[in-house]
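Reviewing the structure listed below.
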Amino acid sequence: MNDTFRLAGREYRSRLIVGTGKYATMEQMVEALDASGTEIVTVAIRRVNLADRSRKSLLDYLDLSRYTLLPNTAGCYTAEEAVRVARLAREATGSSLVKLEVIGDQRTLFPDNEQTLVAARQLVQEGFTVLPYCIDDPIVCRKLEEIGCAAVMPLAAPIGSGLGIRNPHNIRIILEFAKVPVIVDAGVGQASDAAYAMELGVDAVLMNTAIAGAKEPVLMAEAMKAAVEAGRKSFLAGRIPRKLYAQASSPIEGMIE
Amino acid sequence: MNDTFRLAGREYRSRLIVGTGKYATMEQMVEALDASGTEIVTVAIRRVNLADRSRKSLLDYLDLSRYTLLPNTAGCYTAEEAVRVARLAREATGSSLVKLEVIGDQRTLFPDNEQTLVAARQLVQEGFTVLPYCIDDPIVCRKLEEIGCAAVMPLAAPIGSGLGIRNPHNIRIILEFAKVPVIVDAGVGQASDAAYAMELGVDAVLMNTAIAGAKEPVLMAEAMKAAVEAGRKSFLAGRIPRKLYAQASSPIEGMIE
Amino acid sequence: MNDTFRLAGREYRSRLIVGTGKYATMEQMVEALDASGTEIVTVAIRRVNLADRSRKSLLDYLDLSRYTLLPNTAGCYTAEEAVRVARLAREATGSSLVKLEVIGDQRTLFPDNEQTLVAARQLVQEGFTVLPYCIDDPIVCRKLEEIGCAAVMPLAAPIGSGLGIRNPHNIRIILEFAKVPVIVDAGVGQASDAAYAMELGVDAVLMNTAIAGAKEPVLMAEAMKAAVEAGRKSFLAGRIPRKLYAQASSPIEGMIE
Amino acid sequence: MNDTFRLAGREYRSRLIVGTGKYATMEQMVEALDASGTEIVTVAIRRVNLADRSRKSLLDYLDLSRYTLLPNTAGCYTAEEAVRVARLAREATGSSLVKLEVIGDQRTLFPDNEQTLVAARQLVQEGFTVLPYCIDDPIVCRKLEEIGCAAVMPLAAPIGSGLGIRNPHNIRIILEFAKVPVIVDAGVGQASDAAYAMELGVDAVLMNTAIAGAKEPVLMAEAMKAAVEAGRKSFLAGRIPRKLYAQASSPIEGMIE
Amino acid sequence: MALTITLNGEPYTLEGPATLAALLERLEIHPQTVAVELNQDIVRRDRLAETPLAEGDRVEVVRMIGGG
Amino acid sequence: MALTITLNGEPYTLEGPATLAALLERLEIHPQTVAVELNQDIVRRDRLAETPLAEGDRVEVVRMIGGG
Amino acid sequence: MALTITLNGEPYTLEGPATLAALLERLEIHPQTVAVELNQDIVRRDRLAETPLAEGDRVEVVRMIGGG
Amino acid sequence: MALTITLNGEPYTLEGPATLAALLERLEIHPQTVAVELNQDIVRRDRLAETPLAEGDRVEVVRMIGGG
């Protein structure tokens, strides 16, 4: 099956985008990314720690011939901050891809979609390839698409909550109208969540905590790789219709009497 | 990861048991079984069609060095019939494994658990290795285990319904008490259902219609293979706890100001 | 609306059956029963406490002109015990109504449906009006009906769990086939659970812990009264069809331009 | 129990707000409003039909000593339109209450929350008492509250969909942070949906299609009245904790042996 | 002298000079039950009698109807 | 002559000869509110007075209590 | 001498005396792939040749087919 | 001549005159791995050597780290 995921002009075989935060060690991160089969990894932009020069940087661990970097604007609470971080990210990574994230509230980490729209308009104008994290609101998604975002990335559930797809109806409606890729971002907790998201028809799934926070992150990365593949194939294979009850799987004729 | 599934004294790498009914062609069945990675296949026992000698038999298509046969008693409505079919199955296949199925109602295909218990007692006594299909009732499962069944196989949902795990609470309770393998049998509709079942901690999943009835059975077989693997690994990897909301995946320190 | 609930030859206005156990005080029980509007109350049969003659008996608190007594066989683990308790109950209450309950496991309090069937056959033969508590298994319900039970009482969820209707599909199937009243017994936790059960089309709901264990039992009894009424009317009124999305409730014509 | 609902400086006994659209006849509407017990009714603002002078107006049917009018801005697609309609509504009704509704898409009727925020800022400044219909987004709700709205009215599901509370997690989070009343607006389909919304802790429920579109609107109005009351009491009464399994409701001591 | 205005989106001709109050009277609409907009501005009920209509004016006359 | 029976699972001694009715009276239990089993058989209320107790009899006296 | 038996639910006539093995041979069914029941009792494969058929016998010949 | 700037939010003193390139060198930071902002404007990597620092300048030096 030749089923590739096209994002911002590139083709990817993997439909799993993985974050690089929260691993116990860099080595564990490297191993988990490898196990996940991902080809796109998110990174954050932060001040260089001037006090600590010994530590190796993230770049020493990421094989850039293998992974597309997707810098985020995590931690920003206004469009202005997010635009500033996006510009720094472009300079630091040499790529104009950005996962736009404008947070509305530090306790829930829900996105501020009003500010996200403002930042998206600005960043698209500045030539960024914008992948916005947003709430699962079909109208916000349509506006982000109209602004020129390269994909829309509605949340499944709050960041780090592990609650899975809280509102599949909204994801379905978003899919019905979207012409850009739809990537479920945040909220996945276990493999079946990722499979289910793919079965709804989304183009890819983005996660970090679900892998990095598992008891065994590398094994969970393998699980998620298989889950995204399973969900994608299940979507393409066309499932049986749901019935209240039954349909025999063994033939009725030929029973002994 | 060396994680094998032990059933009735044998070790299997695959935790997916697949039925051989309802495929469009025998060739499709062969291809789907191959794609599923299964090592155990269920078969039904029916009268030889005396009018039609031309047709090749199922055995001409199944590589017995590769698949363990699991004959079923599908279509039986009493313990007596089921015992009779089990005996025929043993004679026909040379194996004493039997998927015990006593149906209570032809419209819903729900099992008759009272009759299933009667048949199980008889078959265990006759030396069969009994794998009973039953409702997701912890008490029935415990009794079947006490009788000496080699596993319990509660349904996820009615046969052929594709509704997925209707009552995960019952499956959890069954798992909490069972000392024999628990196999979810019947009701799976899509890959995420199978992954979710495995994440509950069941030992294996048995399905037929979900694969054979999909628009593309071979692709769905691949999906289910990946889903069962994903769910198993996800179970073993230990998922993150659920929270109402959020936990940042990018660090908070080092934000620009 | 003249909508009465007919059970065992009598008509009731209330479709809520309430247990008399677990209240903080007898006075609270009396008040809660009154607030619930119930007309049928369950009671248990236990040895007279010979050491304590001072305490008033349950009968001193229950107005028998108002409530039909429904003695249960709670605590019985075999058909034999249950039959014995049912006979004592008939002698003690003068009524041949019995809530048949044969427990399969003391931790989960799931019913032993095999033993329940045995006891039901015996009790029907002895002239009892049998209302059996059972698992939500359409086949068990059909057999209980065939035996001659006056109703079937499948559980919503384990006794005292408060989990609500765990498997509405099974309740729907039971309703599709049952010719006797279907009463959801056990597992309700909050008012919406009771309303939802009624909306599935069941004839009545039986509960005890949900009321007696609430922080304010009398207020919860009022809530349940209203919920059962709400659910019944909602069922009879015929709800709107579900749609993925929308249908305006204000007209489209006549907008200003 | 003296439990009143305080909205915009007034106290109401009913927590059910009902729309006046889509009834088969005006008489049916009057009867349904009466049966619902509502004290606040929503109305739309539309051009006078100059061709048809015979027909009586809505005002001829609504007893204004009994119902508070809540005019809406249904059908508006921009903040500008909504503000214009709100001003007309104030002039027509003499009340400055407005249900602010800016629609983002005519097929789904999802709100355009960005425009809703713009309109809310303007209307609050003009002295309106603004009750905005919005998506179940905690950040949008917080902003609407900060702007000075008198309540927030997140949707349960798309208008007219009848899907019930699609995302209780979001409603819970909104409730955790809101200091103004939270009213669930749109999406309710049956009585248990309304009860469940109230049990989450919302202050009131607004509906139209669920009643007007039912097979028997007046009976459904009664159902909804009881459901809102049931849900409110259930919330206040404090439900039992959920457990995977059981807790006996009949005592264990005193069993016969 | 005939005046042509746009009334609720449709062309409408009446004899001028005329006020909004006169228009409503001619339409047999009681001012108490409606709201009137002249060229997108609300004209409050107590100003209807003193508000003249001019050629090309856009007038909206709205009222409450059933809605959700 | 002393009789020892098992009453509600505990040994119980009373002066014989005695009937079930006498036992209840001694226990100050009104027959109307209880049910009585003698050696696992129900003794109906109207037979209590004519049912004698014998050494070793197992008697259960039960009544309704709160339950779900 | 003609024998009439019930074979898989249908009347079937063959020349007797005959054994189950002979029946299978006549039906061109290889015994390895089927199971045979005579009057509701299994006849194991190695006993087919020594098991005679009698008038009115009920014979079932079954095999595996696809099932779930 | 000593220059005091704000570097990543903290006061920082260095010998002037100095460029951003010189600052990075002193910090032992390879320009390839970071992005530099001077008074909230990005200074592209190829302009670092020609960008002088002035008293009170606010400099941010950031890089990628793990994030989701």
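Take every Cα pair under 8 Å whose residues are at least 6 apart in sequence, average their separation, divide by the length of chain E, and the relative contact order is 41 percent. Among the GluC sites (Glu not before Pro) in chain F, those located in a DSSP loop and surrounded by at most 13 other Cβ atoms within 10 Å of their own Cβ are F:E28, F:E55.
For chain B, the longest principal axis of the alpha carbon atoms and the long axis of helix B:79-93 meet at an angle near 90°.
A dipole drawn for chain G from +1 and -1 charges on Cβ atoms has a positive end, and of G:G9, G:T33, G:L20 the residue lying farthest that way is G:T33.
For an R0 of 35 angstrom, estimate the FRET efficiency from the Cβ-Cβ distance between A:E176 and A:R13 and round to the nearest 0.05. For R0 = 35 Å, the calculated efficiency reads 0.85. Only Lys, Arg, Asp and Glu carry charge here, each on its Cβ (+1 for the first two, -1 for the last two); on that basis chain C has a dipole of about 320 debye about its Cα centre.
Of all DSSP-defined beta bridges confined to chain B, some 15% are antiparallel rather than parallel. By the gyration tensor of its Cα atoms, with a ≥ b ≥ c the square roots of the eigenvalues, what is the shape of region B:164-257: rounded for a/c under 1.5, prolate for a/b over b/c, or oblate? Here region B:164-257 falls in the oblate category. Take every pair of alpha-carbon atoms less than 8 Å apart whose residues are at least six positions apart; their mean separation over the length of chain D yields a relative contact order of 18 percent. As a rough footprinting exposure proxy, the listed residues E:I65, A:I135 were ranked by other beta carbons within 10 Å of their own, and the order from fewest upward is E:I65, A:I135. Only Lys, Arg, Asp and Glu carry charge here, each on its Cβ (+1 for the first two, -1 for the last two); on that basis region B:1-143 has a dipole of about 240 debye about its Cα centre. Each of A:H169, G:H30 was scored by other Cβ atoms within 10 Å of its Cβ. Arranged with the fewest first, they read G:H30, A:H169. Assuming charge only on the beta carbon of Lys and Arg (+1) and of Asp and Glu (-1), the dipole of the protein assembly as shown about its Cα centre is about 0 debye to the nearest 20.
Compared with the dominant Cα axis of chain A, that is its longest principal axis, helix A:26-36 is turned about 40°. Spin-label model, B:L244/D:Q28: points 7 Å from Cα along the beta carbon direction are separated by 4.1 nm.
By the gyration tensor of its Cα atoms, with a ≥ b ≥ c the square roots of the eigenvalues, what is the shape of the protein assembly as shown: rounded for a/c under 1.5, prolate for a/b over b/c, or oblate? It is oblate, given that a/c is not under 1.5 and a/b is not larger than b/c. Calculated FRET efficiency, C:E253 to B:R107, Cβ-Cβ distance, R0 = 51 Å: about 0.60 to the nearest 0.05. Each label point was placed 7 Å from the Cα along the Cα-to-Cβ direction; for E:D41 and C:N49 their separation is 8.3 nm. Which of B:A92, B:A32, B:A210 moves most in a GNM of chain B, Cα contacts under 10 Å? With Cα springs under 10 Å in chain B, the top fluctuation among B:A92, B:A32, B:A210 is at B:A92. Each stretch of four or more DSSP H residues adds -39500 (n - 2.57); spread over every residue of the protein assembly as shown, this sum gives -9500 deg cm²/dmol at 222 nm. For region A:21-171, the share of DSSP beta bridges that are antiparallel, to the nearest 5, is 10%. Shown here for region D:1-109: trypsin sites (Lys or Arg not before Pro) in loop regions (DSSP other than H, G, I, E, B) with at most 16 other Cβ atoms within 10 Å, namely D:R13, D:R53, D:R55, D:K56, D:R66, D:R107. Measuring nothing but how far apart in sequence close Cα pairs (under 8 Å, 6+ apart) lie, relative to its length, region A:178-229 scores a relative contact order of 41 percent.
Going by neighbour counts of Cβ atoms within 10 Å, the residues H:M1, D:M29 line up, fewest first, as H:M1, D:M29. Give the percent of DSSP beta bridges with both residues in the protein assembly as shown that are antiparallel, rounded to the nearest 5. Around 50 percent antiparallel, to the nearest 5. Taking amide H as placed 1.01 Å from N in the peptide plane, C:F128 has no amide H partner under 5 Å among residues 5 or more places away or on another chain.
If R0 equals 25 Å, the separation of the Cβ atoms of F:L14 and C:D60 corresponds to a calculated FRET efficiency of about 0.40. Rounded to the nearest 10 degrees, the angle from helix A:191-200 to the longest Cα principal axis of chain A is 80 degrees.
FYI, it's all coordinate maths here, none of it is from the lab. Because the structure is predicted, anything quoted here is derived from the model rather than measured. No Cβ is skipped: glycine too gets one built from the backbone with ideal geometry, and neighbour counts run over all protein chains shown.
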